[in-house]
Amino acid sequence: MKPRDLAELCLLAAIWGASFLFMRVGAGQFGPLALVWVRVAGAALVLLPILALRGEFPAMAQHWKTIAIVGLTNSALPFVLFSYAVLTITGSLASVFNAATPLFGALIGWLWLKNGLTTSRVIGLVIGFAGVLGLAWNRASFKADADSINATLAVAACLLAALSYGYSANYTKKHAAGVPPMALAAGSQVSATAALALPAWLAWPTTPLGTSAWVAAIALAVVCTGLAYILYFRLIANAGASNALAVTFLVPAFAVVWGALFLAERPTAEMLAGCAVILIGTALATGLLPRTRAVPKPALNDVKG
């Protein structure tokens with residue numbers, strides 16, 4: 001990548017890392033549903049004028065069904081799940097679980113789209129999911145007390161959010177290949193806004209919201225979603241999708257730094273080790289490390305038992 005592309009990659013990672021900080025600050029006062037509605041509605045207001053300037057409103061209208069599903073699986077659902085999770089666990093830990101998204105994407109792509117997996121990618125999936133399982137097992141608990149139950153639900157929410165992102169990436173590849181990226185970005189925020197409007201209204205906080213909560217919500221909308229989408233699609237166009245994928249490796253690092261600086265979140269050795277294992281597995285599973293012979297998806301009639 002060119003120096004400018006590298007700079008934009010780091011900026012994007014810093015922004016998405018900060019999203020976990022802002023979710024942590026805003027979710028406690030807004031609640032997950034209301035916070036995410038403000039986030040996606042604000043992002044739509046940022047992206048729609050750009051879409052209009054590009055003359056791509058017809059494309060958004062033409063592909064509205066596909067875009068709506070992307071909005072639900074790539075924005076509404078995972079945003080709500082992560083906002084719920086950070087009510088209990090730190091934002092930096094949530095970002096580590098988010099780093100498992102490419103693992104779910106690779107696995108779903110193999111099972112659903114029949115994408116071939118090399119031997120190294122299979123090993124990467126095993127390593128990556130072992131890291132996820134180990135970290136989740138240590139953080140979650142099945143004890144009867146409220147704190148343990150909340151921690152278990154928070155971890156489950158993070159993993160479900162990563163799964164949703166992984167599904168959405170494959171759905172986009174299969175069904176939205178011909179949709180202009182900005183139409184997809186803006187339209188997905190519009191559809192997420194519409195889907196969450198009623199739940200957010202019903203869950204809107206009855207007590208006055210503090211300045212910090214509003215600042216966090218606006219930052220999530222304008223910077224972490226609106227501006228981030230612009231940077232992300234610009235990076236794909238200039239450096240390619242494979243290079244843009246490298247942002248996954250940097251987001252947890254920035255999330256840990258922001259959490260430590262502003263919320264006094266101290267990463268544990270266990271969390272850092274789990275993150276390292278997950279990222280090594282992700283590098284192998286997504287093909288960022290040397291490839292070997294492909295392993296075809298087994299046919300249904302070859303399955304015994």
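Only a single criterion out of (1) in contact with a Gly (Cβ under 7 Å, 6 or more places away or on another chain); (2) surrounded by fewer than 18 Cβ atoms within 10 Å (Cβ to Cβ); (3) closer than 13 Å to residue 17 by Cβ is not satisfied by residue 222, namely (3).
Pick out the one residue from 251, 256 that is in contact with a Phe, Trp or Tyr (Cβ under 8 Å, 6 or more places away or on another chain), aliphatic (A, V, I, L, M), closer than 15 Å to residue 94 by Cα and crowded, with 22+ Cβ neighbours inside 10 Å.
Being in contact with a Phe, Trp or Tyr (Cβ under 8 Å, 6 or more places away or on another chain), aliphatic (A, V, I, L, M), closer than 15 Å to residue 94 by Cα and crowded, with 22+ Cβ neighbours inside 10 Å holds for just one of 251, 256, which is 251.
Scanning segment 260-273 for residues that are part of a helix (DSSP H, G or I) and either within 14 Å of residue 124 (Cα to Cα) or acidic (Asp, Glu) (or both) returns a single hit, 270.
To keep it simple, each residue is scored yes or no on (1) assigned to a helix (DSSP H, G or I); (2) at pLDDT 90 or above.
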{"position": "206", "(1), (2)": "no, yes"}
{"position": "215", "(1), (2)": "yes, yes"}
{"position": "220", "(1), (2)": "yes, yes"}
{"position": "223", "(1), (2)": "yes, yes"}
{"position": "238", "(1), (2)": "yes, no"}
{"position": "258", "(1), (2)": "yes, yes"}
{"position": "291", "(1), (2)": "no, no"}
{"position": "304", "(1), (2)": "no, no"}
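Within segment 196-209, residues that are touching a residue at least 12 places away in the same chain (Cβ under 8 Å) sit with their Cβ atoms under 7 Å from residues that are assigned to a loop (DSSP other than H, G, I, E, B) and of a type outside the set (A, V, I, L, M, F, W, C), at 6+ positions apart or across chains, in these pairs: 203/31; 205/31.
With the structure loaded, tell me whether residue 244 is farther than 16 Å from residue 93 by Cβ, crowded, with 20+ Cβ neighbours inside 10 Å, in contact with a helix residue (DSSP H, G or I) (Cβ under 7 Å, 6 or more places away or on another chain) and modelled with pLDDT under 90 or whether it fails that test.
Criteria met by residue 244.
If you check 41, 13, 27 for being within 15 Å of the chain's Cα centre (by Cα) and either of a type outside the set (Val, Ile, Thr) or surrounded by fewer than 17 Cβ atoms within 10 Å (Cβ to Cβ) (or both), only one passes: 13. Listed conditions (1) more than 21 Å from residue 86 (Cβ to Cβ); (2) modelled with pLDDT of 85 or more are all met by residue 117, apart from (2).
Residues checked against (1) more than 27 Å from residue 255 (Cβ to Cβ); (2) hydrophobic (A, V, I, L, M, F, W, C):
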{"position": "84", "(1), (2)": "no, no"}
{"position": "91", "(1), (2)": "no, no"}
{"position": "96", "(1), (2)": "no, yes"}
{"position": "103", "(1), (2)": "no, yes"}
{"position": "106", "(1), (2)": "no, yes"}
{"position": "112", "(1), (2)": "yes, yes"}
{"position": "116", "(1), (2)": "yes, no"}
{"position": "119", "(1), (2)": "yes, no"}
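Picking from residues in segment 177-204 that are in contact with a helix residue (DSSP H, G or I) (Cβ under 6 Å, 6 or more places away or on another chain) and outside any helix (DSSP H, G or I), the one that is surrounded by the most Cβ atoms within 10 Å (Cβ to Cβ) is 180.
For segment 17-37, give me each residue that is among the aromatic types (Phe, Trp, Tyr) and either modelled with pLDDT under 95 or over 15 Å from residue 257 (Cα atoms) (or both). Walk me through it before giving the result.
First, pick out the residues of segment 17-37 that are among the aromatic types (Phe, Trp, Tyr): 20, 22, 30, 37.
Result: 30, 37.
When 136, 106 are checked against the criterion of being buried (at least 17 other Cβ atoms within 10 Å of the Cβ), modelled with pLDDT under 90 and within 16 Å of residue 274 (Cβ to Cβ), a single residue qualifies: 136. Of the residues making up segment 58-100, those that are touching a residue at least 40 places away in the same chain (Cβ under 8 Å), in a helix (DSSP H, G or I) and either more than 10 Å from residue 158 (Cβ to Cβ) or touching a Pro at 6+ places or on another chain (Cβ under 7 Å) (or both) number 23.
The values are calculated or read from the model by the stated rules, or taken from the named source; none is laboratory data. What you see is a predicted model; the values in this text were computed from it and never measured. Note that each Cβ is placed from the backbone with ideal geometry, even for glycine, and that neighbours are counted across all protein chains shown.
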